[in-house]
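The values are calculated or read from the model by the stated rules, or taken from the named source; none is laboratory data. Since the model is a prediction, treat every value here as computed from it, not as a measurement. Positions of Cβ are generated from backbone atoms using ideal geometry, with glycine treated the same way; all protein chains shown enter the neighbour counts. Each accessible area value is taken on the protein alone, full model and side chains, heavy atoms only, with ligands, DNA and RNA left out. Shrake-Rupley method; radii C 1.70, N 1.55, O 1.52, S 1.80 Å.
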Amino acid sequence: MSRRAVVLLVVLGAFLLGSLFRLWNLGPQVMSDDELHAVRAALGHPVSEILVTYQRTDNTIPLTAIYRVLLDLGVKLSEWQVRLPIVISGLLLLAVAPLWAARRLGWRTATVFAFLLAISPGLVFYSRIARSYAPIVLFGFGALAAFDAWWRKPDWRTGAAYVVLAALAAWFHLGAAPFVVSPFLFAGVDALIRRDRRGFLRLMVLGVATVLAFLAFLVPAWGSLTALVQEKHGELHLTWEMVRDLGLLIAGSRLGWVAVLFGIAAAAGLANLFRTDRRLAFLTVTAVLGHIAGLLYLAPIGHEHPLIAFRYVLVVLPWVLLWVARAPLKPVLAPLFLALLLWAGPFLDLRLWRSSFSHHNDYMTFMWPRPEVGPRQVPDFYRTLADSKEPGAVLEYPWMAVWKVNRAFYLYQEVHGRQVVVAPARALLADERLGFRNMVPGNPEGFLASRARWLVVHRNLTQEEMKIPPIIQLDERFRSLFRTFGHNMVVQLYQAWGKPDYSDRRIAVWDLDRVRTPHPLAPSPIA
């Protein structure tokens, strides 16, 4: 077998590994928080309004429009349909970025780059989560690669590719704009240094085409856009702790010393790139630093939180990984370094892969310790269920689609080990146009139509959440919701279905199979 064939097999192995990380246990994942912004907007607004309105919730106009078109065609949105554009974007990056690197920088760099892309926690997580970040990473990477090809050898096809990809990146998320327009600064300086008048004129033409492409989607939504920018713009607030944690997220490491090694490798790789391909080195540095400078100027609300800041810089991550891939490591050291990054990341924690809540912020901020619950904090039912051989998922009620106020369910799942379905207390997400498997309407009909075996109704979920360290303060709206909805549902189901199969001061449990097919001589297996 030729060396080229061996390298292709290795790159294919990296693609398969990255695909496994991105697809494992994805079907049972509960959608929550920001993932539902586009779904809510699609349910509540027509396409004509979606395409010309920037909303405060950052619902992503093109994704929302796609979902609304499906709804108008009579399609019941499922979790897979909502996530499909994101998953495809993540997998495409895994495929095309190493192939580009192989043609541009050689197979040795492409091989290491492929594995770095495959195991990068940020790229893995956001290739699973129904937000705009995987598409903008793909489009941003393609835009910069196309600009590089166009600047080295001007061609209308690469120029058009840049314009389209840059516009798509900014359309999916305006935060990508600083990154995709930064190459003009590099090219302008390069043209001036080389006194390339023709190149400067070509650059101006490309700039005009890019501006027109941006205006095509900005002008129709200009009123809402200006209002959104004013509302989202805040004061710059950076701390050492935030920068440190952001560095850990970029490196994909829970250990500071591994993140330092990652930074050293990136610096060494960039220095090596300057020696071998100075123009590409300057282009990537300009794009990365230009994007960071743009974010610092805009100071979007929430940037002081490491996880939110990480989303804003995710578009530059493949290029930082490319620098790492160019580090002058001996062939025997590169696999050891990749293994070290994998060991220091979140993926060796089996709880992550078994959870129905692996997109929870507590899993995403893997460099921080997750909450733990003691034996007395877990209702006895969950431990009994862990020992039971009866199959079936657990349906939890009441569910509030805000990660920070929902920690108990994923902690309890780590005890009982069953798949979890949730039922929201509020009616919006009970829309009949949704066909979610992991989130069902919070009413008796929705419970019985679910795929779950056991329904667990929490009498006052606030009391359970408030006992999980670190203690979080729930505002009154959440306290009231958890207190009243849980209690009222217990009363309603007691009247409709009779006594629960298990009950204590915190929860009431019904065996849904028994309720679906009642028989007086068939006791519940958990009685």
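Report yes if Val52 is outside any helix (DSSP H, G or I) and touching a Pro at 6+ places or on another chain (Cβ under 7 Å), otherwise no.
yes
Restricting the stretch 345-382 to residues that are hydrophobic (A, V, I, L, M, F, W, C) and assigned to a helix (DSSP H, G or I) leaves a set whose member that is surrounded by the most Cβ atoms within 10 Å (Cβ to Cβ) is Phe381.
From the list Leu314, Leu342, Leu295, pick out the single residue that is in a helix (DSSP H, G or I), of a type in the set (A, V, I, L, M) and under 14 Å from the mean Cα position of the chain (by Cα). Every option except Leu314 fails the conditions.
The single condition among (1) without any contact (Cβ under 8 Å) to a residue 24 or more places away in the chain; (2) within 26 Å of Phe15 (Cβ to Cβ); (3) within 24 Å of the chain's Cα centre (by Cα) that Val69 does not meet is (2).
Quick check, is Val11 in contact with a Pro (Cβ under 7 Å, 6 or more places away or on another chain) and not acidic (Asp, Glu)? Judged against the criteria, Val11 is a match. None of Val440, Val422, Val378 is on the phi < 0 side of the Ramachandran plot and touching a residue at least 60 places away in the same chain (Cβ under 8 Å) except Val422. Filtered by the rule that a residue be acidic (Asp, Glu) and either open to solvent by 70 Å² or more (accessible area, probe 1.4 Å) or in contact (Cβ under 8 Å) with a residue 60 or more places away in the chain (or both), the stretch 509-519 gives a lone residue, Asp513. The set of residues from the stretch 46-78 being over 19 Å from Leu168 (Cβ atoms) and open to solvent by less than 10 Å² (accessible area, probe 1.4 Å) comprises just one member, Leu77. Given (1) under 28 Å from Phe214 (Cβ atoms); (2) part of a helix (DSSP H, G or I); (3) in contact (Cβ under 8 Å) with a residue 12 or more places away in the chain; (4) not aliphatic (A, V, I, L, M), identify the lone condition not met by Phe15. All conditions pass for Phe15, except number (1).
Listed here are the helices (runs of 4 or more DSSP H) enclosed by the stretch 154-214 that have at least 3 residues being farther than 30 Å from Pro85 by Cβ and either acidic (Asp, Glu) or open to solvent by less than 40 Å² (accessible area, probe 1.4 Å) (or both): 183-194. Residues that are in contact with a helix residue (DSSP H, G or I) (Cβ under 9 Å, 6 or more places away or on another chain) and acidic (Asp, Glu) were ranked within the stretch 437-474; the one that is nearest to Ala508 (Cα to Cα) is Glu464.
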